[in-house]
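Working notes for the structure below.
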Amino acid sequence: MALSLDGEQENTIVLPAPSARLLSELIKTNVTMVTREELLVRVWGNYGYRASNSNLNNYLSILRRSLTSLLPQTILITTLPKKGIIFQANIEEVSVRAHQEKVTDSSVICELEALELASEPKAGVDLRPEWRKIIPKFILSGSAGLLFLALIFLFFRTSLPIMSERHLFTLSQCRFYLIQDTPLSQNEVLSIMDEYDISLNCDSYPRDVFVTHYDETGKRRVMTFFAWCQRSGNGKYTRCENIKKASWRRV
């Protein structure tokens, strides 16, 4: 299975089957946090495969890189430390029939099976996934050379880094956390919110806010990332939003 931007053949990225299943599950829970445990069951356990955090980290990292290569200025996947993962995109449903002239169902199934056998140890019955073609501004499609191109991903075995958060301050119903050892003070965070016109309405909505800021000495790029999620009564997040600002400076 492959990702393409607006159906352009020159902008196509091949996904291994586990990453494709992972994307499918993230799309189903669009803008809602899903826990790592839920993903392990839905992406691996329900298909008869052995689930592990290592597999989730590897294939989530592959999926994140693939999406970034197609949409470099967009953050679609946000990892909340010790909580879960949020996918945010404008979802557009595309009929499978519209693409049947280019890709047949049988060819997609065969290629997916080959990828499964090559990438994961099978634990039980042979279960074939039924794919729903729902895509955030790109088209999921099969190709004749899928298996060969998918081998490229065997070289990318880096795990997703584990991020830690540190509670900085609480403002009304909003709790602010710094991630990745971000060296910001409360006043600096509030100043950045004013600069980017970020209004959280903390008096009306309980939210967790995650902040990171990159401004390393000797580096040209300066980047600030805010993610805020509304807390519900059952301990989960009902809706999340994020904003990323990047600028360049002379060194």
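Just to be sure I follow: if Rg is taken over the C-alpha atoms of the stretch 166-248 and Rh is the Kirkwood radius over the same atoms, what is Rg/Rh? With Rh from the inverse mean 1/r over Cα pairs, Rg/Rh is 0.99. Exceedance of the 20 Å cut-off in Cα-Cα distance is limited, within the set 28/236; 83/236; 28/244; 28/83, to 28/244. Using 0.36 nm per residue and subtracting the Cα-Cα separation, the extra length available between residue 186 and residue 75 on full extension is 37.5 nm. Database remark: amide H of residue 89 closer than 5 angstrom to the amide H of 31 (H placed geometrically; neighbours at sequence offset of 5 or more, or on other chains; Pro and chain starts carry no H). Net charge of the neighbourhood of residue 25, taken over other residues with C-beta under 9 Å away and scored Lys/Arg +1, Asp/Glu -1, is +2. Between residue 214 and residue 231, the modelled label-to-label distance comes to 3.0 nm, taking each label 7 Å out from Cα in the direction of the beta carbon.
Could you please rank 15, 56, placing first whichever residue has the fewest other Cβ atoms within 10 Å of its Cβ?
56, 15
The length gained by stretching the chain between residue 244 and residue 223 to full extension, at 0.36 nm per residue less their Cα-Cα distance, is 6.8 nm.
Computed over the stretch 2-87, the Cα gyration tensor eigenvalues convert (square root of 5λ each) into semi-axes of 22, 15, 11 Å, ordered from largest to smallest.
Only the coordinates and a few stated rules stand behind these numbers; no lab work does. All values derive from a computational prediction rather than experimental measurement. Here the Cβ is made from the backbone with ideal geometry for all residues, glycine too, and neighbour counts use every protein chain on show.
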